[in-house]
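To start, the structure itself, in structure tokens.
Laboratory data are not the source of any read-out in this text; all were calculated from the coordinates shown. Predicted model, so just to flag it, every value in this text is computed and none were measured. Heads up, the Cβs are rebuilt from the backbone with ideal geometry, glycines too, and the neighbour counts pull from every protein chain shown.
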Amino acid sequence: MGKYFGTDGFRGEANEVLTVEHAFKVGRFLGWYYGQDHKAKVVIGKDTRRSSYMFEYALVAGLTASGADAYLLHVTTTPSVSYVTRTDNFDCGIMISASHNPFYDNGIKVINGKGHKLEAEVEEKIERYIDGETGEIPLAKQEKIGRTVDYAAGRNRYIGYLISLATRSFEDMRVGLDCSNGSAFAIAKSVYDALGAKTYVINNEPDGTNINTNCGSTHIEVLQEYVKEKKLDVAFAYDGDADRCIAVDETGSVVDGDLILYICGKYLKENGRLNGDTIVTTIMSNLGLYKACDKAGLKYEKTAVGDKYVYENMVQNNFCLGGEQSGHIIFSKHATTGDGILTSLMIMEVMLEKKMSLSKLAEEVKIYPQLLKNVRVSDKKTARENPEVVKAVEAVAEALGDDGRILVRESGTEPVIRVMVEASTDELCEKHVNAVIEVMEQQGLVTG
């Protein structure tokens, strides 16, 4: 990770960590960098946060001042920016979003011309420019100043693309959608309505400050109750920029990213469409997923946490399905990033083709109880490497043996240490997670 760019872009509280000056300089650099031998074209999308408009205008000012043309998708999803960038031959794409974070945070995600997350070496160059470590970039003059172009048509093409991926009509299916008062509000219902579903939508009235607030994939309990109340066949919750999807089955039970990987992976394997019979997971995936995969003859890879690392493994090994427990699922035949709406469509395909409920499809995976607690610290590396903390983690690992595991890692986007334990009971998870956090507190590492 760099000074500003983490695993998922440049993210932080708007005008505190990430300022309009930062956004302007990112635009200035990208407009110049991609426009050294031609007039650069950059496409921009944003989520529904109050500050997204502010950052959009700052980025546009920087891009056009450097001579690039800026194309605006307006409120849209992260995967749609990736799709439009690679299919319409843009030099790069920018998504303004802090994903599942609170409304007062925001972020700048830069996507390269192939629809992938920007290369680390280019991010480093942007950081050096922001800090004034490189020479000043020339301003465009006269007719070389860039234009701003309304490009809502690009978002509409993406909607059409999603609709085209469905293999069957969704007629007579009662489907719930929790749009998290975020990017999905402008897209998800249009897709499901077009495919014939009886669509029930909640949290699709964004006001700039309610994105991710007690809704969406990080507050799945809201959708669980809604499914039971409306007697729905299935429901899907997205996060703020709709690159994640968590499902809820007809009984109101949660079907998270691990279960989605199993359901879709097994289905693709049965149909000869799973390259290498392998799914790509992260080290956060549940032990229950791996035991079910072993039984079903599904192979698996494990990467560091982050869909960036999942996708790198998929590209290197030509695998077509990978993702995270949090609901970032990548179907590389159709997309180069996690795509929540696409993921929900793929789940619908499995249900309809196999004529099975989601609860039936998921019942083969027996999930181990898992507890994850986030600990806010002053310095992530110091906290993780503290000798007493290391000793406490080793003691838990020894106590769990083969019947569980502990994972302690640094957040890629926040000053947080994540402590996760899997064990045979919820009580053991709580006991072991708290034991490690208590040591952190005793060592004076916790800030709040």
GluC sites (Glu not before Pro), restricted to region 1-87: which are DSSP loop and have at most 12 other Cβ atoms within 10 Å? Glu16
Classify region 368-417 from the C-alpha gyration tensor, please: rounded if a/c falls under 1.5, else prolate or oblate depending on whether a/b exceeds b/c. oblate
Over the Cα atoms of region 240-350, Rg to Rh with Kirkwood Rh, two decimal places? 0.92
Quick check: net charge around Leu195, other residues with Cβ under 9 Å of its Cβ, Lys/Arg +1 and Asp/Glu -1? -1
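Compare the peptides 145-158, 190-203 by average per-residue count of other Cβ atoms within 10 angstrom and give them in order, highest first.
Highest to lowest by the protection proxy: 190-203, 145-158.
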Quick check on my link table: of Lys3/Lys141; Lys291/Lys360; Lys228/Lys355, which ones sit more than 26 Å apart, alpha carbon to alpha carbon? Lys3/Lys141
Rounded to two decimal places and with Rh computed the Kirkwood way over Cα pairs, what is Rg over Rh for region 201-243? 0.97
The whole-number value in µm²/s of the Stokes-Einstein translational diffusion coefficient for region 9-68, with Rh from the Kirkwood sum over alpha carbon pairs at 10 °C and 1.306 mPa s, is 136 µm²/s
Can you give the local net charge around Glu221? Use residues other than it whose beta-carbon is closer than 12 angstrom to its beta-carbon, Lys and Arg +1, Asp and Glu -1. -1
Cα shape, region 5-152, gyration tensor, a/c 1.5 rule: rounded
Whole-number percent relative contact order across region 370-443, with pairs defined as alpha carbons under 8 Å at least 6 apart: 41 percent
Part-to-part distance (alpha-carbon centres) for region 197-227 and region 249-263, which is given in Å: 17 Å
Please say if the chain is rounded, prolate or oblate, where rounded means a/c under 1.5 for a ≥ b ≥ c the square roots of the C-alpha gyration tensor eigenvalues, and otherwise the choice is prolate for a/b larger than b/c and oblate otherwise? oblate
Report the normalised scattering of region 330-379 as log10 I(q)/I(0) at q = 0.16, 0.17, 0.23 Å⁻¹, calculated by the Debye formula with identical scatterers on the alpha carbons. -0.73, -0.77, -0.93
Mean separation of Cα contacts under 8 Å, 6 or more apart, over the residue count of the chain: relative contact order %: 13 percent
